[in-house]
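The next block holds one structure in the form of structure tokens; read it before the comments.
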Amino acid sequence: MAEETNQDEMVGYRQQPGKLPFAKPGSGGKDRFSSPRDEEMIPKSQGGDLAQPWGSHRHDELISGQVIGKPTSLVDGKWKVTGQAQYGDDIRLPGELIGRIIRSPHHYARVLSIDCSKALELSGVVAIATGVDASNKFGVLPVTKDEHAMAVEKVRHVGDLVACVAAEDEATAREAERLIEVEYEILDSIHDIREGLENSEYPIHDRGKYHIGEANIQKRVFQEFGDVDGIHDNAIASHKQNWIFSGVNHAATEPHAVVGHWDPSGRLTLYTPQQVPHYVHRALADVLEIPMHQINVYRTFVGGGFGGKSDPFPHEMCAAILARKAGRPVRITFDREEVYWINRGRHPSRIEMNLHADEEGRICGIETDALIDGGGFASFGHVTTYYNGVLHTAPYEIGAFHYTGARVWTNKPASGAMRGHGAVNSRCAVETGLDDLAEQLSVDPIDLRLANLLPPHSATITGFRVTSIGMRECLERVKEESGWEKKFRKMPLGKGIGIGCGFFISGSGLPIHWDPNKFPHATVHLKIDMDGGVTVHTGAADIGQGSDTVVAQSVAEVLGLPLDMIRVRSKESDTSPVDLGSYSSRVTFMNANAAISAAMKIRDELLDATVEITGAKRDKLVIGDRRIFDKKDPAVGVSYLEALHKAQEDRGALVSSGAYRTPPMGRTHKGAAAGLAPAYSFSAYVAEVSVDVETGQTKVDKVWAAHDCGKALNPLAVKGQIIGSCHMGMGQVLSEEMRYGRTGHLMNPDLLDYKIPSVHEMPEVFPIIVESNDPEGPFGAKEAGEGPLLPILPAVCNAVYDAIGVRAAELPITPDRLLKLIERKCKAEGINDPRELQSPRLEHSDLQTILSDRSDEHKKRDLDRRLNQDRQPYHNGALFGLDPTIPPDEIDEKWAVNVIPSQDYIENPRLAGSAWKHTERRHRGDS
Amino acid sequence: MVQHRLPMLPSAGEVPWIASVNGTEKKLNIENNAILLDVLRDQAGSLGTKRGCDMGTCGCCSVLIDGEPRLSCLTLAVEADGCKITTVEGLADGHHLHPIQEMFAECGGSQCGFCTPGFLVVASSLLENNPSPNDEEIKSAIEGNLCRCTGYQQIVDSIRAASEILISEETIEDSTSPKSDPHPGFTGE
């Protein structure tokens, strides 16, 4: 743009309201400042050069060739690199006090008394608060509000909040912390997940008439779809594995911090690095007993979230309560250890995975039993319990799905949502199981997957509506680029290669708070005044993933403006419309859709104004870089500012609002909404590893990571998400673990012993972007933030097997664990030196040809379904001979959906399934 | 059961402290047991220096002391008395960003940005001593810094790109230079 021009010519234009001589039709045609439309970014269906192998999209005509699809640096990047980005602890208000939290030293205890008198006498102590100051419950899910700002009756884990203090400085606050005397009555604590299933004298929470038995079961799920009874008749190969997954923490580099401030007009402003400011807003209103409009939630820059900053937190309540009592701002900052006490990391789990394949190499059954450890509170756990099951019913077409899941309370810091929420562990179990099935059937695991994929625009066995699917392309790309054919089962001992796939939601179909019923999930406001710059108001929380950038890009694209003319205001609930927050990978999909719809309204007004000025036909007009012109005769047109000022005549600033709500979808059985999403992302990774058979040390050397994100609005950010996901998943599979000692104490609440991969552990990652052009996504986009994490775990596990022939079933695969497995294998095979072990080899069976043929056939079917708009419905079950156009449970009674276990099952349940042995209190008639 | 905690270690009192922080001489009175990170954040106004772990594991608090990268959370402030301290705020020349800052913003080296100040300070010191490091040298330089978002790959890319800019002596545009004109081609005549 400006580079080629003479500086002298740039000056001279001043904005003088009322004095702007509007250019005549045809002016600006020999424009030297404005760059032409970028034809390479404009789809073929709109006259550009961009190839569209996946067909056209409803947003095609809005593409002006500005920024969508180009690698774009974050709009707030310069703030971050200069140190001027203000994170939670960087908010310093005049007169601030330092808040500290008094935490429980016991796993489980009744709080008998709290004596603050000595602490209050200490000079410099301004306010102390305890549970009696705020007794209302809150929680992220309206159905499971079980948290208090501070302990009201009991403390439920070490580190649970008991009281808080605000003082002039940190030393005084710490001293006051010491002087507060708390008397506890210690109760028997529960640390093993399995114990949570049993009746206990003092259940950790009491759910009244909904309490299950007298046990610590927070949520139990039973689901059966498809021909469950026929599984064992049909199966010729079966896989069974009992998995143990350790808990992992998000370990975001920024520890939680919060500043509470009541202004002179009596309103609360809470500064907090939050992923989900709206739920904090609601929870504050509940706890403080003030209306929501009296609260302004200010989201600071967020130093990494990954799900760890998505609950309304008790310390946020504490800051507000202390600031109210003290009459001064209060800042609470966690040290690293406290981050582990608040946790909300991935659930420690025990998963039993059973997979079955029939003689045609079809997956005729998946039976999963997942017992997950919720720690002391519910958090997102209600959803997590479902996600551990339903999120592995795709991308494969399956004959039967049986799932029993239970989440129990234990006296550990609460588990919650973490990147890949609920899907990561069970996905790892499924994908390694498929690898084992392929081994048993003597076929290539990639071909086994390719021959069992659901087609685009289909319904999964649980009734999820899947639109675009790029799974096949992901698998084909990683297979080709990794040199799979030459490496798989052919490398020497200690070198291995493995495959893993992923499937994840792109936003959840039902908002957590569904009241009022038709409230949109995301809303975006635009405001354009005389200067021509566009102010975007959105409540979407940018947690570093670049949501501000994506919303700015979307607006810039539709209005044909450079990115620097867009400014995003997304921090304050006072000025931004409600957005449900950065969780379940919903922001790009929902918020960009809302932004596009808001921008379309402004665009319409600009086009109308252009018609008025130029007399050109409206349907002939296109928007280019800061110009609106006739597409056949570009000399006829006006500049953006001319059109804008015309549109603003007699009314001033243009404002518009756009919103997004998911379409109605899904089935009606209990739990049908969990896992429903307007679109799903798919991914396939190949990992290459080296394993030292003598030490058990595993190193990941290379990862080929293909992810179907629909359309990469910002390829730089998508690649960043893919590589970052590899990093986090690699941590979980090889080194990260919240280790609890024999007495149940967390042994590694710091970044020295909790080992996240450093730069030396990172493999070379080759990110591969697959664009399946989702029909409902903004410009075709789906999520890219969480899905890419799923495949890395099983890819590494499978590669370890390929390298040394050992299947690990306990994560992380630390050297000591792997060495034990190696020793066991050596013993079983009568070998003394592990270097003499044989790595597995593959000789294809006849089934391989059947699978390859079916995969070729399905590839044609998928292409047809993808491009042909007149497609028939396709329900999971067609591969097993059912009519694809009718839901299978309506054709075949064997495929009936079942969400209540039969008496037969209850008599002989799997581990988590035994949660169904208990009866809810309300059905026992004793309360 | 009543819980008891040990009192904090007392400070032996305040001492005068003079250091050059980003080229400005700071004369402060500090507690003699104060940690440099606390002094920088709470007293010297360098909120760009981040606190991630307080125990030298994450590298977020890295600063340059007399040109050498140091973890300010493991440094007593008195140790840096009389020294020249550079934090992330001292890297840019007015509105001209340091190439390393420009490239972190441009190449995806910064996502959430919390670890970025630490990486920038360490990387600027690397490039000062070794203007064209290879990938192994870059990795060794940043091995003490943790990043949870990027998986390091784009950080290494950013440092490499900055090294190329430094070698070619390209100038970074002043960030206050005029942005896009909403009325291109119009001269007001």
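The values are calculated or read from the model by the stated rules, or taken from the named source; none is laboratory data. The structure displayed is predicted, hence computed values, not measured ones. FYI the Cβ positions are ideal-geometry reconstructions off the backbone, even for glycines, and counts take in every protein chain you see. Side chains are part of the model used for accessible areas, which takes the heavy atoms of the whole protein and leaves out ligands, DNA and RNA. Shrake-Rupley method; radii C 1.70, N 1.55, O 1.52, S 1.80 Å.
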TODO: Check the cysteines of chain A one by one and keep only those with no other cysteine Cβ under 4.7 Å from their own.
DONE: A:Cys116, A:Cys364, A:Cys428, A:Cys474, A:Cys501, A:Cys709, A:Cys726, A:Cys797, A:Cys826
Task: Projected area, mean over directions - region B:14-90, Cα convex hull, nm² - done: 4.2
- [ ] Using only the alpha carbon atoms of region A:286-352, find the Kirkwood hydrodynamic radius as the inverse mean reciprocal pair distance, in angstroms to one decimal.
- [x] 14.5
Task: Rounded to 5, the percent of DSSP beta bridges in chain A classed as antiparallel - done: 75
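Equivalent ellipsoid semi-axes for region A:672-735, as square roots of 5 times the alpha carbon gyration tensor eigenvalues: give them largest first, rounded to whole Å. Let's see the in-between values first.
Working: eigenvalues 169, 50, 19 Å².
In descending order the semi-axes read 29, 16, 10 Å.
Give the Kirkwood hydrodynamic radius (Å, one decimal) of region A:195-331, defined as one over the mean of 1/r across all pairs of different Cα atoms. Mind dumping the intermediate values first?
Details: mean 1/r = 0.0524 Å⁻¹.
One over the average 1/r among Cα pairs gives 19.1 Å for region A:195-331.
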Open item on the list: Just to check I understand the Karplus step: with θ = phi - 60° and J = 6.51 cos²θ - 1.76 cosθ + 1.60, what whole-Hz values come out for region A:291-308, glycine and proline as x?
Closed with: x, 4, 6, 8, 10, 10, 8, 9, 7, 6, 4, 10, x, x, x, 6, x, x
Task: Hits among lysines - C-alpha to C-alpha of A:Lys699 under 20 Å, sequence gap 8 or more where chains match - done: A:Lys487, A:Lys490, A:Lys495, A:Lys755, A:Lys820, B:Lys139
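Classify region A:417-486 as rounded, prolate or oblate, taking a ≥ b ≥ c as the square roots of the eigenvalues of its Cα gyration tensor: rounded when a/c is under 1.5, otherwise prolate if a/b is larger than b/c and oblate if not.
Note, shape of region A:417-486 comes out prolate.
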Task: Virtual spin-label span in nm between A:Glu572 and A:Glu39, 7 Å along Cα→Cβ - done: 4.7
Task: Inter-site label distance for A:Glu359 and A:Glu893 at 7 Å from Cα along Cβ, in nm - done: 2.8
TODO: Report the relative contact order of chain A, percent, no decimals, based on alpha-carbon pairs under 8 angstrom and at least 6 residues apart.
DONE: 17
Open item on the list: Can you give me the angle between helix B:153-168 and the longest principal axis of chain B, using Cα atoms only, in degrees from 0 to 90, rounded to the nearest 10?
Closed with: 60
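Expressed as a fraction of 2.2 N^0.38 Å, the rule-of-thumb size for a compact globular protein of N residues, what is the C-alpha radius of gyration of region A:126-262? Could you put the intermediate results ahead of the total?
Working: Rg = 22.0 Å, N = 137, 2.2 N^0.38 = 14.3 Å.
So the Cα radius of gyration is 1.54 times the expected 2.2 N^0.38 Å.
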TODO: Please check which bits of region A:638-655 a label hung off A:Asp604 would reach, taking the label as a point 7 Å along Cα-to-C-beta and the cut-off as backbone N under 19 Å.
DONE: A:643-649, A:651-655
Task: Residue-normalised accessible area of the protein assembly as shown, given per residue in Å² at a 1.4 Å probe - done: 36
Open item on the list: Helix-only estimate, please: 222 nm mean residue ellipticity of the protein assembly as shown, summing -39500 (n - 2.57) across DSSP H runs of length 4 or more and dividing by its residues, to the nearest 500.
Closed with: -7500 deg cm²/dmol
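Rounded, prolate or oblate: which fits region A:64-181 when a ≥ b ≥ c are the square roots of the eigenvalues of the alpha-carbon gyration tensor, with rounded for a/c under 1.5 and prolate only if a/b beats b/c? Spell out each step's value before the answer.
On the way: a/c = 3.38, a/b = 1.69, b/c = 1.99.
Oblate is the answer for region A:64-181, as a/c is 1.5 or above yet b/c matches or exceeds a/b.
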Open item on the list: To check my understanding: the extent here is largest minus smallest coordinate of the Cα atoms along each principal axis. What are those three numbers for region B:99-168, in Å, largest first?
Closed with: 29, 22, 17
Open item on the list: Could you tell me the center-to-center distance, by alpha carbons, between region A:762-808 and region A:403-456 in angstrom?
Closed with: 13
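Summarise the accessible area of chain A (1.4 Å probe, protein heavy atoms) by the percent that is carbon and sulfur.
C and S fraction of accessible area: 48 percent.
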- [ ] Give the Debye-formula value of log10 I(q)/I(0) at each listed q (0.06, 0.08, 0.09, 0.10 Å⁻¹), with one equal scatterer per alpha carbon of chain A, two decimals each.
- [x] -0.44, -0.78, -0.97, -1.17
TODO: List the pair-distance distribution P(r) of region A:444-547, using every Cα-Cα distance, as the percent of pairs falling in each 5 Å bin from 0 up to the bin containing the longest distance, rounded to whole percents.
DONE: 2, 8, 12, 12, 12, 12, 11, 10, 8, 6, 4, 2, 1, 0
- [ ] Just check region A:700-767 against the gyration tensor rule for me: Cα atoms, a ≥ b ≥ c as the square roots of the eigenvalues, rounded for a/c under 1.5, and otherwise prolate or oblate depending on whether a/b exceeds b/c.
- [x] prolate
- [ ] Specify the inter-centroid distance of region A:146-194 and region A:654-685, based on alpha-carbon positions, in whole Å.
- [x] 39
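Summed for both chains, how many Å² of accessible area, to the nearest 100, are buried between A and B with a 1.4 Å probe?
Working: alone 34810 and 11390 Å², together 40230 Å².
Interface area, both chains combined: 6000 Å², rounded to the nearest 100.
In debye to the nearest 20, how big a dipole does the protein assembly as shown give about its Cα centre with +1 on each Lys and Arg Cβ and -1 on each Asp and Glu Cβ? Each step should come with its number before you reach the end.
Values: 116 positive and 157 negative charges, 385 e Å.
So the dipole magnitude of the protein assembly as shown works out to roughly 1840 debye.
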TODO: Quick one: P(r) of chain B from all Cα-Cα pairs, 5 Å bins, percents rounded to integers, in order of increasing distance.
DONE: 1, 8, 15, 18, 16, 13, 10, 7, 5, 3, 2, 1, 1, 0, 0, 0, 0
TODO: Only loop residues by DSSP count here, and only those with at most 12 other Cβ atoms within 10 Å; note down the trypsin sites (Lys or Arg not before Pro) in region A:565-643 that meet that.
DONE: A:Lys617, A:Lys632
